[in-house]
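Presented below is the structure to which this report refers.
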Amino acid sequence: MSARRRWLYRIGAIGFAVFLLAVWQLLAMLEVISPLFFPSPSRSFAELWSQIVSGRIWEPFSQTVVRMFYGWLLASVLGVGLGALIAGSRISRQLFTPTLEFLRPMPASAIIPVAILAFGLTNKMSTAVIAFGSIWPVLLAAVQGFSSVEPRLLEVADAMRMNVWDRFRKVSLPSAMPDILAGARVGLAIALILAVVTEMQASLPGLGQSILMAQRSYRTPELYAGVVMLGVIGFGASMLLQWIERCILRWRSVQ
């Protein structure tokens, strides 16, 4: 894609966002919905700026980000490990697949009460729930990636008499990395959702709790400010992961 076309796409994306904000502002000014429940973007962003300047937003912001990151990281490590084990061994596939297929359709929010009983109202509970919900995209992508390794590469590894670790590190993992990173991006979005859900359900400090408290006391500009910050977290995390993906998979652009 040419640089000019990239800039046109970026300008178009910014223009679309400005258009949505303008429609939001117009609907709020016309009071199509009560201002108590539907504040204008000017009020919402003014509240957000006030929280940024005063520093009130940063503590819940950082708590949500850290909670999301730890749960996603745990899910990614476990997903890649299980994916490699399932893809590389028929016995492991037969042993683990029935249990995993039973757990996979289960909503992560449904295990929150079980996690609370096991870990209490703690960050460990939140991390466990986030990891449970985020592991499936990574796991499925890892199984697909490790199962699709070029057979000739494996033959070369055998000819070079690589041990299991070197074969995994130098052949299987690089070949499966595009699929793994695609699954990790999906898992990251799920991790953010579950971080907010656990904060609301278990009264853990973070943006989820702040949004819930604002909703209960009808502080709607504060509520919308929290929602905007969640969007910033999701967008920033996705952009960061895309940048990491481009750095790791730089070899794909020269093929």
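The values are calculated or read from the model by the stated rules, or taken from the named source; none is laboratory data. Quick caveat: nothing in here was measured; it's all calculated off a predicted structure. Here the Cβ is made from the backbone with ideal geometry for all residues, glycine too, and neighbour counts use every protein chain on show.
Taking the criterion of being touching a residue at least 60 places away in the same chain (Cβ under 8 Å) and not in a helix (DSSP H, G or I), the residues of the stretch 37-85 that qualify are Phe37, Phe38, Pro39, Ile57. Please work out if Glu47 is surrounded by fewer than 17 Cβ atoms within 10 Å (Cβ to Cβ), out of contact with any Phe, Trp or Tyr (no Cβ under 7 Å at 6 or more places or on another chain) and more than 19 Å from Arg185 (Cα to Cα). So Glu47 fails the test.
Could you list all residues from the stretch 51-85 that are under 19 Å from Ala141 (Cα atoms) and surrounded by fewer than 14 Cβ atoms within 10 Å (Cβ to Cβ)? Across the stretch 51-85, the qualifying residues are Val77, Gly81.
From Phe61, Phe69, grab the single residue that is aromatic (Phe, Trp, Tyr), under 17 Å from Ile211 (Cα atoms) and in the same structural domain as Pro205 (by TED's automatic domain parsing). Step by step, each of Phe61, Phe69 is checked, and only Phe61 is aromatic (Phe, Trp, Tyr), under 17 Å from Ile211 (Cα atoms) and in the same structural domain as Pro205 (by TED's automatic domain parsing). Among the residues of the stretch 146-175, the ones that are in contact (Cβ under 8 Å) with a residue 60 or more places away in the chain and of a type in the set (Gly, Ala, Ser) come to 2 in all.
Where helices (runs of 4 or more DSSP H) fall wholly inside the stretch 99-202, the ranges with 1 or more residues that are in contact with a Phe, Trp or Tyr (Cβ under 8 Å, 6 or more places away or on another chain) and either modelled with pLDDT of 90 or more or among the acidic types (Asp, Glu) (or both) are 123-147, 173-202. Condition check for Ile130 on (1) surrounded by 19 or more Cβ atoms within 10 Å (Cβ to Cβ); (2) more than 15 Å from the chain's Cα centre (by Cα): one failure, at (2). Within the stretch 86-95, the presence of at least one residue that is in the same structural domain as Ser147 (by TED's automatic domain parsing), touching a residue at least 24 places away in the same chain (Cβ under 8 Å) and surrounded by 18 or more Cβ atoms within 10 Å (Cβ to Cβ) is confirmed. Being farther than 30 Å from Pro205 by Cα, of a type in the set (A, V, I, L, M, F, W, C) and out of contact with any His (no Cβ under 8 Å at 6 or more places or on another chain) is a property that holds for Val143.
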